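Participant: Just dropping this structure here.
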Amino acid sequence: MFEILKRHEMADGTVVMNEISAPKIAAKARPGQFVILKANETGERIPLTMADTDPKKGTITVIYQVVGKSTALFRGMQVGEKYQDVIGPLGQPTHLEKLGKVACVGGGTGIAVLHPITRALKEIGNYVYAVIGARTKDLLILEDKMKAASHELEVCTDDGTYGHHGFVTDVLRDLLERENIKLVVGIGPVPMMKFLCKLTAEYGVKTLVSLNPIMVDGTGMCGCCRVTVGGKTRFACVDGPEFDGHAVDFDELAKRLDAYKEEERMAYEKFMKERQAG
Amino acid sequence: MDEKSAKKEKIPRQPMPEQKPEVRKRNFEEVPLGYDEETAIREAQRCLQCKSPACVQGCPVSVDIPGFIKLIREREFTKAIRHIWERNSLPAVCGRVCPQEIQCEGMCILGKKDRPVAIGNLERFVADREREHGTGDLPPKQHPTGKRVAVVGSGPSGLTVAGDLILKGHDVTIFEAFHKPGGVLVYGIPEFRLPKEIVYSEVNFLERLGVRLECNVVVGRTVSLDELFEEGYDAIYIGVGAGLPRFLNIPGENLIGVYSANEYLTRANLMKAYLFPKYDTPIVRGRNVAVFGAGNVAMDAARTAMRLGAERVRIVYRRSRDEMPARAAEIHHAEEEGIEFHLLTAPKRFIGNESGRVTGVECLRMELGKPDESGRRRPVPVEGSEFELDCDLAVIAVGAAANPLLTQSTEGLEINERGYIVADPETGKTTKRGVWAGGDIVTGQATVILAMGAGRKASDSIHKYLTWGW
Ligand SMILES: Cc1cc2nc3c(=O)[nH]c(=O)nc-3n(C[C@H](O)[C@H](O)[C@H](O)COP(=O)(O)OP(=O)(O)OC[C@H]3O[C@@H](n4cnc5c(N)ncnc54)[C@H](O)[C@@H]3O)c2cc1C
Ligand SMILES: Cc1cc2nc3c(=O)[nH]c(=O)nc-3n(C[C@H](O)[C@H](O)[C@H](O)COP(=O)(O)OP(=O)(O)OC[C@H]3O[C@@H](n4cnc5c(N)ncnc54)[C@H](O)[C@@H]3O)c2cc1C
Ligand code: SF4
Ligand code: SF4
Ligand code: FES
């Protein structure tokens, strides 16, 4: 179980796709849900959203950005190797509804999380505008898939190397001005989601975000993933990971994500050094 | 050696050899080192072999205490362990973690004038001896019945059910949400109190008997109870534990460095964060630590923090010493290790810095008022008594509640107003046909032995059902 069947790198090798054998999870998973993966005996439990599932083949697909020790360890795993543990599907599936015109906005690796939701929203009959962005052209992922999953796709880069020169929020503002958008789904780095929610609040458009706090068990047992939504403490692993973006305390989330900054840096440097040493 | 001569000699209760406090407070190795044979026999000789033994009434699963103690005296260690197994399948665990002072030992007749027989230490001795030197022979199994049982959760209660039913010839599979089996015994109770090797050897024993173990299966998510029935299981036992952290609900609780005990202990124990960076899971290593609560969980958190290098660890508890629910041995060990107790003190809010890390906690002094519904005197705040306590790590250990993940996703399973599963106390039967439940998910956080006792009752009832029908 949990063997890597396919693997490829994207965005200049900073992002990696793995297709993993996990029949039980594949049979059950719905858009918006995630899994927790542990590479080996000493590994930590890392949550990743399922970017795709294939119940017939019994596989799930994850797409992750290499940001630290654990994801660097994952990147080193080749086709044929196995994750020691994969747990899921976890979290609430996206609440899908036919609303009319909707906008799906993704930044960075958030696009991988956004893709299955976008596709599902289109499948149930919404008219879907997609807006995706990256810092620069080489870091953009899943453009083709997002194109197929939506009716209209707009691409942005911060440095103007491709598509619209600027942020996804600029394009979204035009869209909100122009169209009668009923729902925005915004997934990306915390600052992006924060500004996106500010913008959609101006227009009074309901906005869903997917939060990525640090997790341990993913079953509501530890409280590590707590986030403040509408002044109340919620556990992202069981109550989320999607929440009403207008109620989320993003500043608290951003701080909590830095809880182990020092330890993460140390672990990463040690890992890279050992890797170089062979 | 008969009772009389034992009494004449007035053998004192044999002390348990332990690691010295100064040493052990910085390592994760087990604190008590265990009796050797001679010490165990000497301790066993203290037992009066009462005709109607009070100790047995104090044991929730009625271990035949004089019976196994007599076998120790006779050096029949293998027989002694088999004798215990008839009532208790995890004696190496219970000998270590049962609150003996309010159970078996609390009732022992010797305790009236002298100190009670060290029943827990003796139970641990025979279990350890069997694990280390025993034959490893498997007990006989009945003929296969062709019936399949699913056990959800691999804590002490699920393990008990699995062990009982496999011997009765049923086909048993345990489903566990975590990547390792054992429940609280593995993720909650620290290594220095219950070495994980003991739990794994118990699980391994069950596997050798033929129990299948599937980790990484979150029942209610990966698979539902109804799907398990569809897959052909004839009966299901739910032993998922309490598994929901309780917070204080005071301002500042989401600051970095404020943990639920569940998170803190899971990181430390299950994920082995104390071995970071050899293991990848990090943990905040506080120098100045405050732990809220005074049960076993609080003692475990405080002593873990000390072992992770804290300079100062304080237990903050809103009631007084007499109400502390922890085992006597844990309180004693914590004190020896230099943990400070701030009693009649309650937290009011956490204080943090710009980067969102906890730097202190504002507390209130309490005094004892009238007894509350639990019969304990209710602590009431002393007005204007606020004071600040510095801390860079805070662990909240004020109890657990019922995790709703499984119950919410299951139809026909009645729960009470606090979210615990309603089950018949005699049989463990729930309101859903073919489904039993027991342990912390029925009673709220209790003890290992009670969870096992509930498992035993349920396994008897399941066996009857599989033989005769509901
Ligand atoms: C529900 C959920 C879904 C996610 N989906 C994806 C996804 O599809 N693709 C993707 O690239 N990333 C996703 N993430 C984020 C991903 O889990 C982290 O990037 C990863 O854990 C980093 O681990 P690391 O050791 O490589 O980095 P580290 O050096 O440990 O940390 C780098 C960053 O990751 C965060 N992080 C560290 N440990 C955890 C943890 N146990 N849980 C969550 N975050 C952590 C830290 O806050 C830090 O900002 C998701 C997170 C959650 C909670
Ligand atoms: C830190 C700590 C210290 C303690 N110290 C003592 C002590 O000294 N003495 C004592 O007698 N008692 C002690 N207790 C209490 C005792 O551990 C519990 O009462 C006992 O473990 C309950 O057993 P259980 O089998 O009901 O559940 P648990 O031990 O909680 O096990 C439940 C298992 O079910 C799994 N599970 C949960 N949900 C699902 C799901 N949906 N699908 C699959 N699996 C699931 C969990 O991961 C877990 O492994 C302590 C508790 C804690 C937390
Ligand atoms: S199981 Fe616990 S209560 Fe019973 S005899 Fe053993 S230590 Fe005592
Ligand atoms: S009550 Fe004490 S002395 Fe009597 S049988 Fe039990 S352990 Fe022995
Ligand atoms: S990750 Fe533990 S409660 Fe959510």
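The values are calculated or read from the model by the stated rules, or taken from the named source; none is laboratory data. Since the model is a prediction, treat every value here as computed from it, not as a measurement. Virtual Cβ from ideal backbone geometry, glycine too; neighbours counted across all protein chains shown. Accessible surface is based on the protein model in full, side chains and every heavy atom, while ligands, DNA and RNA are left aside. Shrake-Rupley method; radii C 1.70, N 1.55, O 1.52, S 1.80 Å.
Participant: Of the listed pairs B:K168/B:K429; A:K82/A:K137; B:K113/B:K457, which have alpha-carbon separations greater than 25 Å here?
Facilitator: In this structure, A:K82/A:K137; B:K113/B:K457 lie more than 25 Å apart at Cα.
Participant: After finding the eigenvalues of the alpha carbon gyration tensor for segment A:3-90, what semi-axes result from the square roots of 5 times each, listed largest first in whole Å?
Facilitator: The three semi-axes for segment A:3-90 are 19, 14, 12 Å.
Participant: If you put +1 on each Lys and Arg Cβ and -1 on each Asp and Glu Cβ, how big is the dipole of segment B:21-133 around its Cα centre, in Debye rounded to 20?
Facilitator: Computed charge dipole of segment B:21-133: roughly 300 debye.
Participant: Rg/Rh for segment B:340-470 to two decimals, with Rh computed the Kirkwood way over all alpha-carbon pairs.
Facilitator: Ratio of gyration radius to Kirkwood radius: 1.16.
Participant: Name the long-range amide H neighbours of B:Y237: under 5 Å, sequence gap of 5 or more, or other chain; modelled H, no Pro or chain starts.
Facilitator: Here B:A150, B:V151, B:V152, B:W436 satisfy the definition.
Participant: Give me the aspartates and glutamates in straight-line cross-link reach of A:K101: C-alpha distance below 12 Å, same-chain residues under 8 apart excluded.
Facilitator: A:E152, A:E179
Participant: Per-residue HN-Hα couplings for segment B:152-168, Karplus 6.51 cos²θ - 1.76 cosθ + 1.60 at θ = phi - 60°, whole Hz, x for Gly and Pro?
Facilitator: 9, x, 10, x, x, 6, x, 5, 5, 4, 4, x, 5, 6, 5, 5, 7
Participant: How far is helix A:261-277 tilted, in degrees, relative to the longest principal axis of the Cα atoms in chain A, given as a value from 0 to 90 rounded to the nearest 10?
Facilitator: On a 0 to 90 degree scale, this one is about 50.
Participant: I want the local charge near B:G210. Using Cβ-Cβ distances under 10 Å, sum +1 for each Lys or Arg and -1 for each Asp or Glu among the other residues.
Facilitator: Once positives and negatives cancel, what remains is +1.
Participant: Counting only C-alpha contacts under 8 Å and six or more residues apart, can you give the relative contact order of chain B as a whole percent?
Facilitator: With pairs under 8 Å counted, the relative contact order is 15 percent.
Participant: How high is the relative contact order of chain A? Use alpha-carbon pairs under 8 Å, at least six apart in sequence, and give a whole percent.
Facilitator: RCO, chain A: 16 percent.
Participant: Note down the magnitude of the dipole of the protein assembly as shown about its Cα centre, charges +1 on Lys and Arg C-beta and -1 on Asp and Glu C-beta and zero elsewhere, to the nearest 20 debye.
Facilitator: 1340
Participant: Pairs on different chains or at least eight residues apart, Cα atoms closer than 30 Å: how many lysine pairs in segment A:174-278 fit?
Facilitator: Counting lysine pairs in segment A:174-278 gives 20.
Participant: If you plug each phi of segment B:69-84 into the Karplus form 6.51 cos²θ - 1.76 cosθ + 1.60 with θ = phi - 60°, what whole-Hz ³J(HN,Hα) values come out, in order, with x for Gly and Pro?
Facilitator: 5, 4, 5, 5, 4, 7, 6, 8, 5, 5, 5, 4, 5, 4, 5, 5
Participant: Go ahead and run the numbers for FRET between A:K57 and A:Q92, Cβ-Cβ distance against an R0 of 22 Å, rounding to 0.05.
Facilitator: 0.30
Participant: Sketch the reach of a paramagnetic label on A:E177 as a point 7 Å from Cα along Cα-to-Cβ, and name the residues of segment A:140-160 whose backbone nitrogen lies under 18 Å away.
Facilitator: The answer is A:154-156, whose backbone nitrogens lie closer than 18 Å to the label point.
Participant: I'd like the antiparallel share, as a percent to the nearest 5, of DSSP beta bridges with both residues in chain A.
Facilitator: Percentage antiparallel, nearest 5: 60.
Participant: So how much accessible surface do A and B hide from each other in total, probe 1.4 Å, in square angstrom to the nearest 100?
Facilitator: Approximately 3700 Å², summed over both chains.
Participant: Now a separate question. Out of the GluC sites (Glu not before Pro) in segment B:202-309, which ones are loop residues according to DSSP with at most 13 other C-beta atoms within 10 Å?
Facilitator: In loop regions of segment B:202-309 (DSSP not H, G, I, E or B), the sparsely surrounded GluC sites (Glu not before Pro) are B:E231.
Participant: If you count, for every residue in B:276-286, the Cβ atoms of partner chains within 10 Å of its Cβ, what is the mean?
Facilitator: Counting other chains' Cβ atoms within 10 Å and averaging over B:276-286 gives 6.
Participant: Let me ask something additional. On a 0 to 90° scale, report how tilted helix A:190-203 is relative to the longest principal axis of chain A, with both axes built from alpha carbons and the result rounded to the nearest 10.
Facilitator: So the helix axis and the longest Cα principal axis differ by about 20 degrees.
Participant: Additional query: For every helix of n ≥ 4 consecutive DSSP H residues, a contribution of -39,500 (n - 2.57) applies; sum these over the protein assembly as shown, divide by its total residues, and give [θ] at 222 nm rounded to the nearest 500 deg cm²/dmol.
Facilitator: For the protein assembly as shown, the value works out to -9000 deg cm²/dmol.
Participant: With viscosity set to 1.002 mPa s and temperature to 20 °C, compute the Stokes-Einstein D of the protein assembly as shown, Rh being the Kirkwood radius across alpha carbon pairs; µm²/s, no decimals.
Facilitator: 77
Participant: Show the residues, 5+ positions off or on another chain, whose built amide H is closer than 5 Å to the amide H of B:C215.
Facilitator: The list, which skips near neighbours in sequence, is B:E176.
Participant: Using the basic label-point model (7 angstrom from Cα toward the beta carbon), what is the B:R349 to A:H246 distance in nanometres?
Facilitator: 2.8
Participant: So which trypsin sites (Lys or Arg not before Pro) in segment A:91-196 are both in a DSSP loop and have at most 12 other Cβ atoms within 10 Å of their Cβ?
Facilitator: Those that pass, being in a loop and sparsely packed, are A:K98.
Participant: Still on this structure, please answer the following. Considering chain B, what Rg and Dmax in Å follow from its alpha-carbon atoms?
Facilitator: 23.0, 71
Participant: What ³J(HN,Hα) values, in whole Hz, does the Karplus curve 6.51 cos²θ - 1.76 cosθ + 1.60 give for segment B:41-49 when θ = phi - 60°, with x put for Gly and Pro?
Facilitator: These are the phi-based 3J(HN,Hα) values: 5, 4, 5, 4, 5, 6, 5, 7, 6 Hz.
Participant: Under a point spin-label approximation (7 Å from Cα along Cα-to-Cβ), what is the B:E311-A:K232 distance to one decimal in nm?
Facilitator: 4.2
Participant: Once both labels are modelled 7 Å past Cα along the beta-carbon direction, what's the A:E41-A:I124 spacing in nm?
Facilitator: The answer from the label model is 4.6 nm.
Participant: On a 1.4 Å probe surface of the protein chains, which of B:E311, B:E30 comes out largest in accessible area, and what is the full order?
Facilitator: Correct descending sequence by accessible area is B:E311, B:E30.
Participant: What does DSSP give for the protein assembly as shown in terms of the percent of beta bridges that are antiparallel, rounded to the nearest 5?
Facilitator: 50
Participant: Evaluate the Kirkwood expression for the hydrodynamic radius of segment A:101-257, namely the inverse of the mean inverse distance over all pairs of different C-alpha atoms, and round to one decimal in Å.
Facilitator: After inverting the pairwise mean of 1/r, the radius is 15.7 Å.
Participant: Placing unit charges on C-beta atoms (Lys and Arg positive, Asp and Glu negative, everything else neutral), compute the dipole magnitude of segment B:197-347 about its Cα centre in debye, rounded to 20.
Facilitator: Taking the Cα centre of segment B:197-347 as origin, the dipole is about 800 debye.
Participant: So in segment A:101-257, what percent of DSSP beta bridges are antiparallel if you round to the nearest 5?
Facilitator: Roughly 25 percent of the DSSP beta bridges within segment A:101-257 come out antiparallel.
Participant: Using modelled backbone amide H atoms (1.01 Å from N, in-plane), which distant-in-sequence or interchain residues come within less than 5 Å of B:R357's amide H?
Facilitator: Distant-sequence amide H within range of B:R357: B:I256.
Participant: Tell me the relative contact order for segment A:3-90 as a rounded percent, counting alpha carbon contacts under 8 Å between residues six or more apart.
Facilitator: 38
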